[in-house]
1. Pairs only if they're at least six apart or on different chains, beta carbon under 6 angstrom, first in the range 73-84 and more than 12 Å from E115 (Cβ to Cβ), second assigned to a strand (DSSP E or B) and charged (D, E, K, R); list them, first residue then second.
2. Let me confirm something: among I81, I40, which residue is closer than 22 Å to L2 by Cα and surrounded by 17 or more Cβ atoms within 10 Å (Cβ to Cβ)?
3. Please verify whether R51 is without any contact (Cβ under 8 Å) to a residue 24 or more places away in the chain, more than 16 Å from L128 (Cα to Cα), charged (D, E, K, R) and exposed (fewer than 14 other Cβ atoms within 10 Å of the Cβ), treating the condition exactly as stated.
4. Filter the range 91-108 for residues that are out of contact with any Ser or Thr (no Cβ under 6 Å at 6 or more places or on another chain) and closer than 16 Å to H5 by Cβ; which is surrounded by the most Cβ atoms within 10 Å (Cβ to Cβ)?
5. Just the residues that are farther than 24 Å from S64 by Cα, in contact (Cβ under 8 Å) with a residue 12 or more places away in the chain and surrounded by 11 or more Cβ atoms within 10 Å (Cβ to Cβ), please, taken from the range 1-32.
6. Are any residues in the range 1-45 more than 13 Å from the chain's Cα centre (by Cα), hydroxyl-bearing (S, T, Y) and assigned to a strand (DSSP E or B), and if so, which ones?
7. Right, Q114: under 13 Å from the mean Cα position of the chain (by Cα), at pLDDT 95 or above and more than 17 Å from S42 (Cβ to Cβ) or not?
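The values are calculated or read from the model by the stated rules, or taken from the named source; none is laboratory data. These figures come from a predicted structure and were not determined experimentally. As a convention, Cβ positions derive from the backbone with ideal geometry for all residues, glycine included, and neighbour counts pool all protein chains shown.
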Amino acid sequence: MLLPHLYSDVMGHSLLDEADLRMTAPGGVDVEEGAYYRRINSARQDVTDWRIGHALPGHFIDFSPVSAPTMIAVFSGQMHITVSNGEERQLARGDMMLAEDVVGQGHMTRFIGQEACNYLLVTMPGGLK
């Protein structure tokens, strides 16, 4: 499963790409390309804590890095992420992103749309397994 991935390069610039979250079928069987599965899972991930956030449209967080690798899951509303090279990604209900820009300038977040954004932040000290 490909997830939007926010990370920092060696110069401290934040960038966007995709992280491949390895998924397996029940029993740990590797998922085959093109095959249909009713359910697939990732490996268990180490987490230290989680937080639920609520932000109104128009709220803005200026450029800042995350304190540790963090999985973001949006429950409702929308957030707009901008990285230091100007690339942008919009997250809406059901979207997830792995933020690992722990050094450097970080990213900017703007909450957009007509409804409040409710989201989950899961701190993953070692990043994805």
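1. Correct list of pairs: H80/R110; I81/R89; T82/E88.
2. One residue alone meets the criteria, I81.
3. no
4. M97
5. Once the filter is applied, which keeps residues that are farther than 24 Å from S64 by Cα, in contact (Cβ under 8 Å) with a residue 12 or more places away in the chain and surrounded by 11 or more Cβ atoms within 10 Å (Cβ to Cβ), the range 1-32 yields M1, L21, R22, M23, T24, A25.
6. Hits for the range 1-45 are S8, S14, T24, S42.
7. Considered against the rule, which asks whether it is under 13 Å from the mean Cα position of the chain (by Cα), at pLDDT 95 or above and more than 17 Å from S42 (Cβ to Cβ), Q114 comes out as no.
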